[in-house]
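K.L.:
I'd like to ask you about the structure that follows.
The values are calculated or read from the model by the stated rules, or taken from the named source; none is laboratory data. As the structure is a prediction and not an experimental result, all values here were calculated from the model. Note that we place each Cβ from the backbone using ideal geometry, even for glycine, and neighbour counts take in every protein chain shown. Heads up: the accessible areas ignore ligands, DNA and RNA and are worked out on the full protein's heavy atoms, side chains in. Shrake-Rupley method; radii C 1.70, N 1.55, O 1.52, S 1.80 Å.
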Amino acid sequence: MIVAIVSNGFADGPAQALRDYLVARGVRVVTIFHPLTPEQGRSHRVATYAGGAHVKERRVRLPLRPPASFLLDPFVPLFPTQVDAWFGFNPLACARGLVARRTGRARRVVLWSVDFVPDRFGPGTLPTRIYDRVDRLCCRDADARVELSEAARDARNRRHDLPRESAHAYVVPMGAWIDRVPTTPPDGFRRRRLVFLGHLVARQGVRTLLDALSTLGDVAADVIGTGPLETELREHAKRADLPITFHGYVADHREVERLLSRSSVGVAPYGQTDETFTRFADPGKLKAYLAAGLPIVLTDVPPNARELASEAGAEVVADDPAALAGAISRALAAPDQWRARRESALAYARRFDWDVLLGDLLAELDLSPSAKPIR
């Protein structure tokens, strides 16, 4: 079996998890990863894996950065490998798979949607109308589609008014490599260290975190990620003399996991605005926090926020610096409760082991690899 995985972004996510799962089982995999943000540069990476190993990689450098480069993504490479299954992790990537299927270069095509954003490029704009048309085409004509949450599935169904004969939608939440991820130790609360993982944009609430941190005394923080607000946030932290380390974009997710395991609390202060698409999402950073055993403090924006509070030791707070600071203080002031929340996080995370999630999905798609994992 030969599988193509086509996606935007180089960091950890469903596309990379699917690649690792298949490669570990000896499947021949071709990955085509395009840059997602301007910070990821102009290089498009085409890699081949066979026999459980990385065989070769080719980088194609184009003159445009995202988002302008998105128009060129379907042409890299010009002649993709003939495959049994094509997984497209956005509408453009999936549409190219549909073309490959029509020309006999792909047997089956799966649309894997990593988010749902209403009016992605603004209400009524030409780019939004084009995006919606391509997305609807893929939802209708692919052999199957995958959504991260029921909220995203239902919202996309409503927006596109999909016909009954459209591709069946499977819901596969964000997962984590449970056996691989290092965890915070049982006395990790002593480190008094927060961690934020994500894109540095207003809707992620990083300003709220900085304002909360200014009232917490000896509590330090790590911010992992980059984005348009990075320079502004760095300057603000420096002026306020905050004990915060900005790590920028960390390409190696193993290093991200190491940083998480050195922390005491994972924070996700999403802004509670109508514009945020996190209300339809299953944010990957929350699963990363859980797999590291971190008690979580978050706002009531992701659709699973209340479930995390009832079953995974999280605390849901208002979109307010004082509320965020209060929850962090409570978490660090009660060692026994912190340990109980750590155990709840680890137990909940086991439900989302990538090995289980991907194994179940591929079985349903009749694409299960026959080989056992290569250790």
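K.L.:
Specify which residue in the list N8, N304, H247 is farthest towards the positive end of the charge dipole of the chain, using unit charges on the beta carbon of Lys, Arg (+1) and Asp, Glu (-1), about the Cα centre.
P.N.:
Farthest along the dipole direction, towards plus: N8.
K.L.:
Quick one: angle between helix 126-141 and the longest Cα principal axis of the chain, in degrees between 0 and 90, rounded to 10, please.
P.N.:
Relative to the chain, helix 126-141 is tipped by roughly 70 degrees.
K.L.:
Remind me, relative contact order of the chain in percent, using alpha carbon pairs under 8 angstrom and six or more residues apart?
P.N.:
On the way: 756 pairs, mean separation 56.7, N = 375.
Reported relative contact order: 15 percent.
K.L.:
Also, I was wondering about something else. Run the count for the chain, please: Lys pairs, Cα-Cα under 29 angstrom, 8 or more apart or on different chains.
P.N.:
The result is 4.
K.L.:
A follow-up question, please. I'd like to check one number: the per residue accessible area of the chain, probe 1.4 Å, reported in Å² as a whole number. Before the final figure, lay out each step's value.
P.N.:
Values: 16720 Å² over 375 residues.
I get 45 Å² per residue for this part.
K.L.:
Angle between the Cα long axis of helix 91-102 and the longest principal axis of the chain, 0 to 90 degrees, nearest 10?
P.N.:
Here the helix axis deviates by roughly 20 degrees.
K.L.:
Taking C-beta distances below 4.7 angstrom as the pairing criterion, name the unpartnered cysteines of the chain, in sequence order.
P.N.:
C139
K.L.:
Leaving out ligands, DNA and RNA, and with a 1.4 Å probe, what % of the accessible surface on segment 1-150 is carbon or sulfur? Each step should come with its number before you reach the end.
P.N.:
Numbers: 3750 of 6660 Å².
That fraction is 56 percent.
K.L.:
Of the peptides 146-154, 115-123, how do they stack up when ordered by the mean number of other Cβ atoms within 10 Å, highest first? Please list the in-between numbers first.
P.N.:
Values: 146-154: 20.3, 115-123: 14.2.
With the highest mean Cβ count within 10 Å placed first, the list reads 146-154, 115-123.
K.L.:
Something else about it: Whose amide H sits under 5 Å from the amide H of Y170, counting only residues 5 or more places off or on another chain, with H placed in the peptide plane?
P.N.:
Counting only residues 5 or more places away or on other chains, the set is R145, V146, E147.
K.L.:
Another question, if that's okay. In degrees, nearest 10, range 0 to 90: what is the angle between the Cα axis of helix 230-239 and the longest Cα principal axis of the chain?
P.N.:
Around 10 degrees separate the two axes.
K.L.:
Can you tell me the length gained on complete extension of the stretch E311 to A68, counting 0.36 nm per residue apart and subtracting the Cα distance? Display every interim value, and only then the final one.
P.N.:
Details: separation 243, 0.36 × 243 = 87.48 nm, distance 4.23 nm.
83.2 nm is the gain from fully extending E311 to A68.
K.L.:
Now for a different question. To the nearest 20 Debye, how big is the dipole of the chain about its Cα centre, given +1 on the beta carbon of each Lys and Arg and -1 on that of each Asp and Glu? Working shown, then result.
P.N.:
Numbers: 52 positive and 45 negative charges, 260 e Å.
Computed about the Cα centre, the dipole is about 1240 debye.
K.L.:
A further question on this structure: Counting only DSSP beta bridges with both residues in segment 182-339, what percent are antiparallel, rounded to the nearest 5?
P.N.:
Working: 0 of 17 bridges.
Just about 0 percent of them are antiparallel.
K.L.:
If you filter segment 1-75 for chymotrypsin sites (Phe, Trp or Tyr not before Pro), then keep DSSP loop positions with at most 10 other Cβ within 10 Å, what is left?
P.N.:
Details: sites: F10, Y21, F33, Y49, F70, F75; in loops: F10.
Qualifying residues, ordered by number: none.
K.L.:
If Lys and Arg each add +1 and Asp and Glu each add -1, what is the summed charge of the other residues whose beta carbon sits under 14 Å from the beta carbon of R207?
P.N.:
Numbers: positive: R203, R234, R239; negative: D211, E230, E232, E235, D319, D320.
Around R207, the surrounding residues sum to -3.
K.L.:
Testing the spin-label approximation: label points 7 Å from Cα along Cα→Cβ at R203 and A340. State their distance in nm.
P.N.:
In this crude label model, R203 to A340 measures out at 3.6 nm.
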